[in-house]
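> Attaching a single structure in structure tokens format; questions to follow.
The values are calculated or read from the model by the stated rules, or taken from the named source; none is laboratory data. Since the model is a prediction, treat every value here as computed from it, not as a measurement. FYI the Cβ positions are ideal-geometry reconstructions off the backbone, even for glycines, and counts take in every protein chain you see.
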Amino acid sequence: AIGDTYQGGIIFYLDGNGGGLISSPQDLSPALWGCDITAISGADGTAIGTGNQNTIDIEAGCTTPGTAADYCANLTLGGYSDWFLPSKDELIEMYVNLHTQGIGGFISYYWSSSESSTQTAVILNFDNGNAFNVPKNNNLRVRAVRTF
């Protein structure tokens, strides 16, 4: 169920077919989105289900270590190593289904894997649920996601 601890994290989305999405239980280190002034081919998905491919595309197009996507892609937590940086809509589900219910300890602004331009990517403000574009060179919070 939404809010349950499962497979290394907290369930925040159910797909209706027995699967869904899990959030890491805590934030990772704050990070830059990465590769400012560089377009990342394919990292523009915003829908639920696009975060993993966005993360793969970011890792392929930006080899800078320690970026938000890199932290997620290289995370091993709860015995699982298939974590990724969530897309905009995946973050919105996290906000609605966890944060507004007082679950997960979310604070302030979080990176999504959704690139909006060569210089900006989408973040979600967990104070009010608003998404907007900010420069990739901001050091913001990161929360990893995985599917089950």
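> Tally time: how many residues in the range 1-48 are touching a helix residue (DSSP H, G or I) at 6+ places or on another chain (Cβ under 8 Å) and without any contact (Cβ under 8 Å) to a residue 60 or more places away in the chain?
So the answer is 4.
> Determine whether T67 is crowded, with 20+ Cβ neighbours inside 10 Å, of a type outside the set (F, W, Y) and touching a Gly at 6+ places or on another chain (Cβ under 7 Å).
yes
One line per residue, one yes/no per condition, for (1) under 13 Å from the mean Cα position of the chain (by Cα); (2) modelled with pLDDT under 95; (3) among the charged types (D, E, K, R):
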residue	(1), (2), (3)
I22	yes, no, no
P30	yes, no, no
C35	no, yes, no
T38	no, yes, no
S41	no, yes, no
A47	yes, no, no
I58	yes, no, no
T63	no, yes, no
S81	no, no, no
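> Yes or no: S41 within 14 Å of T147 (Cα to Cα) and out of contact with any strand residue (DSSP E or B) (no Cβ under 6 Å at 6 or more places or on another chain)?
No, not satisfied.
> When you scan the range 69-147 for strands (runs of 3 or more DSSP E) that lie fully inside it, which ones turn up with 3 or more residues that are touching a helix residue (DSSP H, G or I) at 6+ places or on another chain (Cβ under 7 Å)?
Those strands (runs of 3 or more DSSP E) span 109-115.
> Can you name the condition, by its number, that E93 falls short on among (1) surrounded by fewer than 18 Cβ atoms within 10 Å (Cβ to Cβ); (2) touching a residue at least 24 places away in the same chain (Cβ under 8 Å); (3) within 18 Å of F12 (Cα to Cα)?
(1)
> Are any residues in the range 1-53 surrounded by fewer than 21 Cβ atoms within 10 Å (Cβ to Cβ), among the hydroxyl-bearing types (S, T, Y) and assigned to a strand (DSSP E or B), and if so, which ones?
If the condition is that a residue be surrounded by fewer than 21 Cβ atoms within 10 Å (Cβ to Cβ), among the hydroxyl-bearing types (S, T, Y) and assigned to a strand (DSSP E or B), then T5, Y6, S29 are the ones that fit.
> Cβ-Cβ under 6 Å, sequence separation 6+ or interchain: first residue in the range 128-148 and modelled with pLDDT of 95 or more, partner of a type in the set (K, R). Which pairs?
If the second residue must be of a type in the set (K, R), the pairs left are A131/K88.
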